[in-house]
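Below is one structure; the comments refer to it alone.
Coordinate-derived values only; no laboratory data. Worth saying up front: this structure is predicted, and the values here are computed from it rather than measured. Ideal geometry is used to build each Cβ from the backbone, glycine not excepted, and the neighbour counts take in all protein chains shown.
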Amino acid sequence: MNFISNVPSELEAYFQQFRKHIVGVGQTFKSPYGEKEIIYTDWTASGRLYRPIEEKLLNDFGPFVANTHTETSITGS
């Protein structure tokens, strides 16, 4: 949202389709000042998990992850 109105800008509206898939968006925590939303600000060093990518890794690659020393199974070969 921009600071002038509660109506999202065209750019914000466009990126909302991506933002909604960032893991942790809208997450809150209990602080001495009450419930607060987490504001992630370390985008340069690392990003947040992005659900479509994480699901791809989990569902398509995860089943084939194995011990690197195993050569006798489909997951290790």
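In the stretch 31-77, which residue that is among the charged types (D, E, K, R) and touching a strand residue (DSSP E or B) at 6+ places or on another chain (Cβ under 8 Å) is surrounded by the most Cβ atoms within 10 Å (Cβ to Cβ)? Before you say what the answer is, go through the steps one by one.
Going through the stretch 31-77, the residues among the charged types (D, E, K, R) turn out to be 35-37, 42, 48, 51, 54-56, 60, 71.
This time we only want the ones that are touching a strand residue (DSSP E or B) at 6+ places or on another chain (Cβ under 8 Å), so: 35-37, 48, 51.
Working: GLU35: 8, LYS36: 11, GLU37: 9, ARG48: 16, ARG51: 14.
If we take residues in the stretch 31-77 being among the charged types (D, E, K, R) and touching a strand residue (DSSP E or B) at 6+ places or on another chain (Cβ under 8 Å), then ARG48 is surrounded by the most Cβ atoms within 10 Å (Cβ to Cβ).
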Fill in: Search result, residues across the stretch 43-57 that are free of Cβ contacts under 8 Å to residues at least 12 places away in the same chain and either closer than 18 Å to PHE18 by Cβ or in a strand (DSSP E or B) (or both)
TRP43, SER46, GLY47, ILE53, GLU55, LYS56, LEU57
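Return yes when ASP60 is part of a loop (DSSP other than H, G, I, E, B), acidic (Asp, Glu) and within 20 Å of the chain's Cα centre (by Cα) and no when it is not. Walk me through how you get there before you give the answer.
Working: part of a loop (DSSP other than H, G, I, E, B): no; acidic (Asp, Glu): yes; within 20 Å of the chain's Cα centre (by Cα): yes.
No: the conditions fail for ASP60.
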Worksheet item: Is there any pair with a first residue in the stretch 19-38 that is of a type in the set (D, E, K, R) and a second that is assigned to a strand (DSSP E or B) whose Cβ atoms are under 7 Å apart and which are 6 or more apart or on different chains, and what are they?
Response: GLU35/THR28; LYS36/THR28; LYS36/PHE29; GLU37/THR28
Fill in: Test result for TYR14, surrounded by 10 or more Cβ atoms within 10 Å (Cβ to Cβ) and either touching a His at 6+ places or on another chain (Cβ under 7 Å) or in contact (Cβ under 8 Å) with a residue 40 or more places away in the chain (or both)
no
Worksheet entry | In the stretch 6-46, residue nearest to LYS56 (Cα to Cα) [restricted to those that are of a type in the set (D, E, K, R) and more than 14 Å from the chain's Cα centre (by Cα)] | GLU12
